[in-house]
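Note sheet for the following structure.
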Amino acid sequence: MKQHLAGIRGNVTPCKKVPPEVRFMIQGSLKENSEKAKEKREAIHIDDQLGANIDDSHVDDDIQEITPRPAQREGHNNVQPTPQGKEKAQLDWMLTLKVAMSKVASMGHGYTGPRYHALRVTLLKDAKKHVELIVDSFRSKWIETGCTIMGNGWRDSRQRPLINFLVYYPTGISFIKSVDTSGIEANAKNLCDLFADIVEMVGVRNVVHMVTDNASNYKAAGHLLCDRYPTITWSPCAPHCINLIMKDIGEMPNVSDLSILASRIICYVYNNKWPLNWLRKREGWKEIIRPGDTRFATTFIALKSLSDHKKDLQGNISRVQNFFEERQSKSS
């Protein structure tokens, strides 16, 4: 239709009744679209030609800088990288931004980053394969020294029960798998089967130890796992044991009453501007730590924080008492 109104021959017959000003306007629009398409084709051509044929020896792991190639030092841009080099640069751009920016800068003017489809599909698969190769390289160390499988149970923002499995060995810790246990009944047998799948994944000969939470079902599953694999020992998670101990101590009547009073004091301080502003102006003042619901030990940490602020809080109470006494005497 635009070619018909603009009077361009070839695909359609030109319109003889269109006014000159309309023909001129449509011709300008077609010319602008043609220039944009030409620029886009040139950008795609540059993206296909330019790559990341950069030697890894030019990258210093500490300072993260790229040594320019000889042709780039002389100001030439006639470098023709290989497609494999381009793919490697795009993968590095996704994994480590700082190194990738240095690589992109060293490739000269005109280089464009990977497209959305490449980031979402091809490069993501390459990144996953890259991580899998790194994990596979650790398996030789698991055979030499043996390893410990650690299971960490938690809930995400959607309140789904998840278990993260990690492998610990003298060199470090590797993440293996995250399992959603929403559709699994958390009894001893099902948990034992789940742990057995992880053991088989890591290698029965490589695993010497299993660490999980200290809940009764996890404890029973650990014993079943040891019966199934005699070379593996099970032990509860030490921080979880400490949390359970703190929970039992916190439920004692005298400790529970003390924590309630401490919570009231903290609420009073932070709900009243005048005492809070006065306390914050005190030399060396630090904010009072409040009890949290995530860990049982936070109750005792908050009690310790109140004990550290005892002097300032007593001074604040005496000032409040004096304030009310003066106010009462004036009113009388």
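Against the list (1) surrounded by 14 or more Cβ atoms within 10 Å (Cβ to Cβ); (2) of a type in the set (A, V, I, L, M, F, W, C); (3) under 32 Å from the mean Cα position of the chain (by Cα), the condition residue 245 fails is (1). Considering the range 221-292, the qualifying helices (runs of 4 or more DSSP H), each wholly inside and each with 1 or more residues that are closer than 26 Å to residue 154 by Cβ, run over 238-250, 253-271. In the set 123, 133, only one residue is at pLDDT 80 or above and crowded, with 17+ Cβ neighbours inside 10 Å; that residue is 123. Within the range 136-164, the set of residues being closer than 28 Å to residue 218 by Cβ, outside any strand (DSSP E or B) and over 19 Å from the mean Cα position of the chain (by Cα) comprises 138, 139, 141, 142, 143, 145, 146. For the range 281-302, residues that are at pLDDT 80 or above and not β-branched (Val, Ile, Thr) total 2.
Among residues of the range 107-122 that are within 16 Å of residue 39 (Cα to Cα), those with a Cβ under 9 angstrom from a residue that is modelled with pLDDT under 80 and not in a helix (DSSP H, G or I), sequence gap 6+ or separate chain, pair up as 109/77; 110/50; 110/77; 111/50; 111/51; 111/52; 112/50.
Suppose we filter the range 211-243 for residues that are in contact with a Gly (Cβ under 6 Å, 6 or more places away or on another chain) and in contact (Cβ under 8 Å) with a residue 40 or more places away in the chain; how many remain? Number satisfying all stated conditions: 2.
Tell me whether the range 113-136 contains one or more residues that are in contact with a Ser or Thr (Cβ under 9 Å, 6 or more places away or on another chain), of a type outside the set (D, E, K, R) and under 29 Å from residue 214 (Cα atoms). Looking for residues that are in contact with a Ser or Thr (Cβ under 9 Å, 6 or more places away or on another chain), of a type outside the set (D, E, K, R) and under 29 Å from residue 214 (Cα atoms), one finds at least one in the range 113-136, hence yes.
Take residue 197 and decide whether it is touching a residue at least 12 places away in the same chain (Cβ under 8 Å) and not hydroxyl-bearing (Ser, Thr, Tyr). No: the conditions fail for residue 197.
The values are calculated or read from the model by the stated rules, or taken from the named source; none is laboratory data. Since this is a predicted model, take the numbers as computed values, not measurements. Virtual Cβ from ideal backbone geometry, glycine too; neighbours counted across all protein chains shown.
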